[in-house]
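Structure record follows, encoded as structure tokens.
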Amino acid sequence: MSHFFHLDGVLHADSTPLPAIAERFGTPTYVYSKAALLGNFAAFSDACAGRDALVCYAMKANSNLAILDLLARRGAGFDIVSGGELLRVIAAGGDPRKVIFSGVGKSADEMRLALSHDILCFNVESIPELHRLNEVAGTMGKQARVSLRVNPNVDPKVHPYIATGLKASKFGVAFDDALATYRTAAALAHITPVGIDCHIGSQLLDDAPLLQALDKLIELVDALGAEGIVLDHLDMGGGIGINYGEAGGSEPVPVGDYLARVFARIDAWRADKHAGRAIKVIFEPGRAIVGDTGVLLTRVEYLKPGAEKNFCIVDAAMNDLMRPALYQAWMDVQAVAPHGGEAVTYDVVGPVCESGDWLARDRQLAVAEGDLLAIMQAGAYGFTMSSNYNTRGRAAEVMVDGDQVHLVRQREHPTDLFALESVLK
Ligand code: LLP
């Protein structure tokens, strides 16, 4: 069920009409639905009920404190990729002992911060990183719990910028080097290998590549067990996609079906030769939790007809929503209050001085100056990837809770943007 729908000719977020939000908070504004967020999280947590499993929300998708707080209260852990994200988890009341730290370039400072908060696990991506972590943990007199991100060389069949599990990717330890890397890890005094993980890519609609990756991880868990390196958890990464509404696009695999298939394979493995052996399963979903919980609300500034193209110039831009410029991503655009009239084919573009500043291309829209548009399914990798390019303050963010609307991030004022700068004395 979508939480964004037209009612009496006006687009609503749950029971709140979007024009009322534009009136009160201005545009561009990200609008999130609390009910949609909790529904998406419940799809994961329900499927994990009664299982030894942990859902670590990949907060790079959307790290607003209101979202983290709501998920933390429902038991979520968090997948972080920086010290800054850990500070957000703590500020939102999340439990650092349910945090896993991913990423290829963790600094010594970030390691220290994470160790001082006793995080669940470092997802380590290289041998030099293992050595540095061992050193940092040693100076603190601590043990670092570690999982190796293994690159299973499975093709997720998604946009090359968001495919991460192939041999040519910067991520992870090559499958063939994994055993040797675990041996190195096990021999380091301040490293305790506790898990194995992978993340093969994002926006997967089919779970077959993920299950293939799981089979390869299980192979390694067995090979390691035979050497006496017994792991406590297996982390499947994120990657389940959403339906962006493009014509001819398909629905993603239902989350419950995917998780059931993962657990069935784990059960079969345990029954086969490991009776009684427990292994926790971790998931790191980002987009599947927040992608369809938000829209970017924007207002039409000008309509500019042209010889080859007509432009619908709106007040949101590539700095607010990078996905189209960066990945040629197709995002659905809906008129908030469609008023009939003749539809014209437009490119929907922003005010930023770049030809790459477009949000949608070749869309049939019946619009007038001053109309509101909503860029749909913008809850994931929208605000978090936004910038201040062209000294544009970042958009406001609001969360709808039934007929209540909460401002969860104020719109940035341009003077905020140069407050940390100074001229030469
Ligand atoms: N775990 C790791 C280690 C990751 O690198 C990612 C995403 C996730 C989990 C969450 O993946 P998800 O469930 O959201 O697919 N900005 C791009 C997506 C980049 C994904 C980066 N890694 C986009 O807008 O499509």
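The values are calculated or read from the model by the stated rules, or taken from the named source; none is laboratory data. What you see is a predicted model, and the numbers here were worked out from it, not measured in a lab. Here Cβ is always computed from backbone atoms with ideal geometry, including for glycine, and neighbour counts include all displayed protein chains. Areas reflect the complete protein model, heavy atoms only, side chains present, ligands, DNA and RNA absent. Shrake-Rupley method; radii C 1.70, N 1.55, O 1.52, S 1.80 Å.
Quick rundown of the values:
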item	result
Net length gained if the chain between Ala20 and Thr384 were fully extended (0.36 nm per residue, minus Cα distance)	128.6 nm
Net charge dipole size for the range 103-283 [Lys, Arg +1 and Asp, Glu -1 on Cβ; Debye, nearest 20]	400 debye
Net charge contributed by nearby residues that have their C-beta within less than 15 Å of Leu365 (K/R +1, D/E -1)	-2
Cα gyration tensor category, rounded, prolate or oblate, for the chain with a/c compared to 1.5	prolate
Interchain or long-range residues, amide H under 5 Å from Arg361's placed H	Val348
Cα-based Lys proximity count in the chain, under 18 Å, for pairs eight or more positions apart or on separate chains	12
Residue-by-residue Karplus 3J(HN,Hα) for the range 122-129, coefficients 6.51, -1.76, 1.60, Hz, glycine and proline x	9, 8, 8, 10, 7, 5, x, 5
For the chain, with +1 on Lys and Arg beta carbons and -1 on Asp and Glu, the positive-most of Val344, Ala419, Gly39 along the dipole	Ala419
Ranked by how many other beta carbons lie within 10 Å on average, peptides 11-19, 39-47 from highest	11-19, 39-47
The range 1-94 - percent of accessible surface contributed by carbon and sulfur, probe 1.4 Å	53 percent
Long-range amide H partners of Asn123 with built H, under 5 Å	Phe101, Ser102, Ser147
Estimated [θ] at 222 nm from DSSP helical runs (n ≥ 4, -39500 (n - 2.57)) normalised by residues in the chain, nearest 500	-8500 deg cm²/dmol
Calculated from backbone phi, Karplus (6.51, -1.76, 1.60) coupling profile of the range 417-425 in Hz, x at Gly/Pro	6, 10, 5, 8, 9, 8, 8, 5, 5
Carbon + sulfur, % of accessible area of the range 103-283 - ligands and nucleic acids excluded, 1.4 Å	53 percent
Projected label distance in nm at Leu211 and Arg183, using a 7 Å step from Cα toward the beta-carbon	3.4 nm
Local net charge near Glu135, Cβ-Cβ under 15 Å (Lys/Arg +1, Asp/Glu -1)	+1
Top of Thr298, Thr345, Thr164 by mean-square fluctuation, Gaussian network on the chain, Cα under 10 Å	Thr345
Nearest-20 debye value, the chain charge dipole, Cβ charges on Lys, Arg, Asp, Glu	1020 debye
Surrounding net charge for His413, when Lys and Arg each add one and Asp and Glu each subtract one, Cβ distance under 14 Å	+2
Signed unit charges on C-beta, dipole axis of the chain, positive-most listed residue Val136, Ala307, Ala180	Val136
Sites matching trypsin sites (Lys or Arg not before Pro) across the range 50-145 that sit in DSSP coil, with at most 16 neighbouring C-beta atoms within 10 Å	Arg51, Arg74, Lys142
Share antiparallel - DSSP beta bridges, the chain, percent rounded to 5	45 percent
Å² of accessible area per residue within the range 103-283, as computed with a 1.4 Å probe and no ligands counted	42 Å²
Unit charges at the beta carbon, dipole of the range 103-283: most positive-side option, Gly228, Ala247, Gln212	Gly228
Vicinal HN-Hα couplings computed from phi for the range 19-36 (Karplus, 6.51 cos²θ - 1.76 cosθ + 1.60; Hz; Gly/Pro x)	x, 5, 5, 4, 4, 7, 10, x, 9, x, 9, 7, 10, 10, 9, 4, 5, 5
